[in-house]
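The values are calculated or read from the model by the stated rules, or taken from the named source; none is laboratory data. Owing to the predicted nature of the structure, the values given are computational and were not obtained by experimental measurement. Using ideal geometry, Cβ is built from the backbone for each residue, glycine included, and neighbour counts are taken over all protein chains shown. Side chains included, ligands, DNA and RNA excluded: accessible areas come from the protein's heavy atoms. Shrake-Rupley method; radii C 1.70, N 1.55, O 1.52, S 1.80 Å.
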Amino acid sequence: MEKIPASEITPEHLYFTRRQFIAAASAVAAGALLSACGVPSPPPTARPTIAQPSPQASKGVDELGDKLTPFDTITNYNNFYEFSLDKEDVAPRAKDFKTSPWTVQVGGLVNKPRTFGLEDLLKFEQEERIYRLRCVEAWSMVIPWLGFPLSKLLAQVEPQSKAKYVRFETLLDPKQMPGQRDSYFDWPYVEGLRLDEAMHDLTILATGLYGKPLPPQDGAPIRLVVPWKYGFKSIKSIVKIDLVEAMPISFWMESAPNEYGFYANVNPDVSHPRWSQATERRIGEFSRRKTILFNGYADQVAPLYAGMDLRKNF
Ligand SMILES: Nc1nc2c(c(=O)[nH]1)N[C@H]1C(S)=C(S)[C@@H](COP(=O)(O)O)O[C@H]1N2
Ligand SMILES: [Mo]
């Protein structure tokens, strides 16, 4: 492993957790999938024997050279309506959330429906990557997620040709999730992706951050991360994934259809009806930044939307 001067990194980067050692056991299969996020794939012979932080994460910055948001900030300023509508109140309310045992049922239009246990999913946890998560409230963080490509999971169940979308569902358990006792919203939280978005290399299922298991408030034990879309697409604490023919209606489309569309691609030129999305507040910074189309991943994802009107398909 590359040696990094202690002065350049926060202690989190030095951790090799038990989970990363588990990941290392199946790291070979990940070789073909390492090119996401502008992280160059090393030649197969150079595959590390231990899962390593991505080169940028080791240096404490993302692909654009922006500093990682500190662990304590990422884990104490959350959106997770099942626990609280107050971003700073999610962590204390979620602290006893039971995330093991856990299963994710994958089915719908597939040849091989299967229920994955958390052990199976942690085996897929191959490689630590950086993704920038931005939220529709126009605040953003840089988060070094640990996870694996969603395409890896989907390949196991063999989607049928009729499948056009992927639908995700969060756990429904009002006993543990006080927010679900509020019938103003239509629980459980649901999200969806077009199949080609779901298969894209940048789309991951995250099981950790900063090389540690995901804390409950960040969507333990497994959540989606779609780095070129607004935060609400990244559904937390997933228990069910279905391949479907029709576009799923997401939690936010259902709750406020004029305000939230299906695509939710980060786009400075398309305002939310109640606020501009041209700039964002990077948590921890004083002045606002200009928001970048597709959150800086245009090279990789713009082709997915070729010929589409992004104002209409917001
Ligand atoms: N199940 C569920 N998933 C969810 C949410 C939620 O309320 N419930 N909030 C979304 C929103 S609006 C954002 S901005 C991100 C926040 O993720 P973070 O708290 O890990 O930063 O989670 C998304 N996933
Ligand atoms: Mo959000």
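When you count the other C-beta atoms within 10 angstrom of each residue and take the mean per peptide, 232-244, 277-289 line up highest first as 232-244, 277-289. Accessible area per residue for segment 22-305, computed on protein heavy atoms with a 1.4 Å probe, is 41 Å². For segment 22-305, the carbon plus sulfur part of the accessible surface works out to 55%, probe radius 1.4 Å. Counting only heavy atoms of the protein chains and using a 1.4 Å probe, residue 64 has close to 90 Å² of accessible surface. Distance between the 7 Å Cα→Cβ label points at residue 306 and residue 199: 1.5 nm. Among beta bridges from DSSP that stay inside segment 22-305, the antiparallel ones total about 85%.
Coordinate range of the alpha-carbon atoms in segment 130-243 per principal axis, descending: 38, 31, 26 Å. Within the set 59/87; 240/312; 95/175, which residue pairs have Cα atoms separated by over 19 Å? Violating the 19 Å Cα-Cα cut-off are 59/87; 240/312.
Gyration tensor over the Cα atoms of segment 22-305: the corresponding equivalent ellipsoid has semi-axes (square roots of 5 times the eigenvalues, largest first) of 25, 24, 20 Å. Please work out the C-alpha center-to-center distance from segment 86-100 to segment 242-287 and express it in whole Å. Spelled out, the Cα-based centre of one part sits 24 Å from the other. Over 27 Å apart at the Cα level, from the set 152/212; 112/236; 123/290, are 123/290.
Summing +1 for each Lys or Arg and -1 for each Asp or Glu among the other residues whose beta-carbon sits under 13 angstrom from that of residue 108 gives +2.
When only alpha carbons are used to place a centre, segment 151-167 and segment 178-240 end up 17 Å from one another.
Each of the peptides 137-143, 200-206 was scored by the mean count of other Cβ atoms within 10 Å over its residues; in descending order, highest first, they stand as 200-206, 137-143.
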